[in-house]
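This report refers to the structure that appears directly beneath it.
The values are calculated or read from the model by the stated rules, or taken from the named source; none is laboratory data. Computed from a prediction, not measured in an experiment: that's the story for all the values here. A quick note on method: Cβ atoms are made from the backbone with ideal geometry, for glycine too, and the neighbour counts reach across all protein chains shown.
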Amino acid sequence: MTADTDELLTVPEVMARLKLGRSMVYDLIRSRRLVSIKVGRARRIPLSSFRNFITDQISEAA
């Protein structure tokens, strides 16, 4: 694993990067379009999952 894949993003960080609201980010997580893990009560999104989501969105738009 590289350092990039080890990094975990918080929901607010993903919200800021995607310029989306909290509900939309949780909808993406619920629909499994954005992979996340739970650490205790906290939800974390691996950076690699975030990047894959962006790549998938670009591919779908093309």
Quiz item: If you check V25, V39, V14, which single one turns out to be exposed (fewer than 10 other Cβ atoms within 10 Å of the Cβ) and either in contact (Cβ under 8 Å) with a residue 12 or more places away in the chain or touching a helix residue (DSSP H, G or I) at 6+ places or on another chain (Cβ under 9 Å) (or both)?
Solution: V39
Self-check item: Of all residues in segment 36-57 being of a type in the set (V, I, T) and at pLDDT 95 or above, the one that is nearest to D6 (Cα to Cα)
Solution: I45
Exercise. Could you tell me which numbered condition R32 fails, if it satisfies all but one of (1) at pLDDT 95 or above; (2) loosely packed, with under 13 Cβ neighbours inside 10 Å; (3) in a helix (DSSP H, G or I)?
Key: (3)
Practice problem: Among residues belonging to segment 42-62 that are over 8 Å from the mean Cα position of the chain (by Cα) and hydrophobic (A, V, I, L, M, F, W, C), point out the one that is surrounded by the most Cβ atoms within 10 Å (Cβ to Cβ). | Solution: I54
